[in-house]
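Novice: The structure that follows is given in the form of structure tokens.
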Amino acid sequence: QVQLVESGGGLVQPGGSLRLSCAASGMRFSRYALGWYRQAPGKQRELVAIITSGGSTNYADSVKGRFTISRDNAKNTVYLQMNTLKPEDTAVYYCNSQLGPIEYWGQGAQVTVSS
């Protein structure tokens, strides 16, 4: 059974940093593209960052230069380092894995940026 488990969310002040982790099990992790999505209250879920099986990355314009996605295939874990956080980054962050038509989601981690 495939599981994606996010951790590292929480409350942080504007300008602060957080690192999200997503640990995967039950899948051939290294073959999957991995992504982080977020959904703010009243808004649609949006792509934040993605990393391919080969290590190529892509980011939403709103987070470029502030967020970094990385993966550790030995630990079956994908990370999202978030720096210079803004109140508009407040959302539930979801981990996603995709290989062709096969897709899995984590349960989500709340990130709140507030003073």
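Novice: On a straight-distance basis, which lysines could pair with K86 in a cross-link, Cα separation under 22 angstrom, same-chain partners fewer than 8 positions away excluded?
Specialist: Answer for K86, where 22 Å is the Cα cut-off: K43, K64, listed by chain and number.
Novice: Quick one: Cα centre-to-centre distance for the range 53-108 and the range 2-26, in angstrom?
Specialist: 9
Novice: Under a plain spin-label model, where a point goes 7 Å from the Cα along Cα-to-Cβ, how far apart in nm are Q98 and S17?
Specialist: 2.9
Novice: Binning every alpha carbon pair distance of the chain at 10 Å from zero, what are the percents per bin?
Specialist: Values per bin, smallest distances first: 15, 51, 29, 6, 0.
Novice: Where in the range 1-69 are there trypsin sites (Lys or Arg not before Pro) that are in a DSSP coil and have at most 16 other Cβ atoms within 10 angstrom of their Cβ?
Specialist: Of the trypsin sites (Lys or Arg not before Pro), the ones in loops of the range 1-69 whose Cβ has at most 16 other Cβ atoms within 10 Å are R28, K43, R45, K64, R66.
Novice: Return one whole number: the accessible area per residue of the range 1-70 in Å², for a 1.4 Å probe.
Specialist: Numbers: 3880 Å² over 70 residues.
Using a 1.4 Å probe on heavy atoms only, each residue of the range 1-70 averages 55 Å².
The values are calculated or read from the model by the stated rules, or taken from the named source; none is laboratory data. Just so we're clear, the structure is a prediction, and the values are computed from it rather than from any experiment. Please note: Cβ atoms are built from the backbone with ideal geometry, for glycine as well, and neighbour counts cover all protein chains shown. Remember, those area values only see protein heavy atoms, side chains included, never the ligands or the DNA or RNA. Shrake-Rupley method; radii C 1.70, N 1.55, O 1.52, S 1.80 Å.
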